[in-house]
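Quick notes on the structure that follows.
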Amino acid sequence: LGRRTKSSYLQPNVEIHVLGPLEVLSDGVAVRLGGRKQRTVLALLAADVGKPVSVDALIDGVWGEEPTSGARSTLQTYVANLRAAIGDVIVRDDGGYRLVAGSERVDAVTFERAVADATEVVESDPAEAAQRLRAALGLWRGHPYVDVAGSFPLEVEARRLEELRLRAVETRIEAELALGRHAELVAELEVLCEEFPVYERFRAQHMLALYR
């Protein structure tokens, strides 16, 4: 793990990307995060950004049901390494650790908020809703937390985010159907129906686009 400088202990402009491989940008520069287990610690904290995550929960998320005898001390080392790499944005809190980077710095939170905002205006302003949803979906770079597979809490969170992504795509298509973009959507909906054969809403939208 490459240490930056002593200035890394000041809080830098950190961005954390989890909608794909875990990635951290510090002042716009990609940060080396170490091995999978160390990355998993950061991913678990990012999944609950702003909230304390207990030491036991972190150990369970990293080592599962059979932690090593030195798991607690190893966890402390991982946290120290991460703090050296990305700055003083991980703090001790309530018997665990908390990521104090603003929630808007985590792409999953940004995505979720954008989807909620767009859903509120999809009927009154479908053009605005479609634009917001396209921008939100543009944050995705692959499967969430894809490079820290094997952590059960992160697998659960990844499934939740994938389901939210499908709803965002569905809502975006609904908005664009309302705007009369039926012909443009047919090919995309054909692909979605093949990829998600049991997702009935895509099939219904496909039929509507063809009919119109």
Full-stretch length increase - VAL191, ASP56 - with 0.36 nm per residue and alpha-carbon distance subtracted = 44.3 nm
Would you work out which of PHE196, LEU179, THR74 lies farthest towards the positive end of the dipole of the chain, given +1 charges on the beta-carbon of Lys and Arg and -1 on that of Asp and Glu, about the Cα centre?
-> THR74
Kirkwood Rh and Cα Rg combined as Rg over Rh, evaluated for region 100-139 = 1.05
Amide H neighbours of GLY20 under 5 Å, counting only residues 5+ apart in sequence or on other chains, H built in-plane at 1.01 Å?
-> ARG141, TYR145, VAL146
Round to the nearest 0.05 the FRET efficiency obtained for GLU65 and GLU123 when R0 = 41 Å and r is the Cβ-Cβ distance.
-> 0.30
Extension gain ALA116-ASN13, at 0.36 nm per residue separation less the Cα-Cα distance, in nm?
-> 34.5 nm
What Kirkwood hydrodynamic radius, in Å, does region 102-175 give when the mean of 1/r is taken over all pairs of distinct Cα atoms and then inverted?
-> 12.8
Any chance you could list the semi-axes, whole Å, largest first, of the equivalent ellipsoid that the Cα gyration tensor gives for the chain, using √(5λ)?
-> 39, 19, 13
Search the structure for amide H atoms under 5 Å from the amide H of LYS51, placed 1.01 Å from N in the peptide plane, and list their residues when 5 or more places away or on another chain.
-> LEU99
Working out 0.36 nm times the residue gap between ALA178 and HIS143, then minus their Cα-Cα distance, what length gain in nm do you get to one decimal?
-> 9.7 nm
Expressed in nanometres to one decimal, the distance between label points 7 Å along Cα→Cβ at GLU104 and ARG32 is 3.3
Point-to-point label distance, ARG160-ASP94, nm (Cα→Cβ direction, 7 Å offset) | 1.5
Would you pull out the residues with amide H under 5 Å of ASP93's amide H, same chain only if 5 or more places away, H placed 1.01 Å from N?
-> ARG98
Using only the Cα atoms, work out Rg/Rh for region 46-138, with Rh taken as the Kirkwood radius, to two decimals.
-> 1.17
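Just so you know, all these numbers are worked out from the coordinates, no wet-lab data involved. None of the values given here were measured: they were computed from a predicted structure. Cβ: placed from backbone, ideal geometry, glycine included. Neighbour counts: every protein chain shown.
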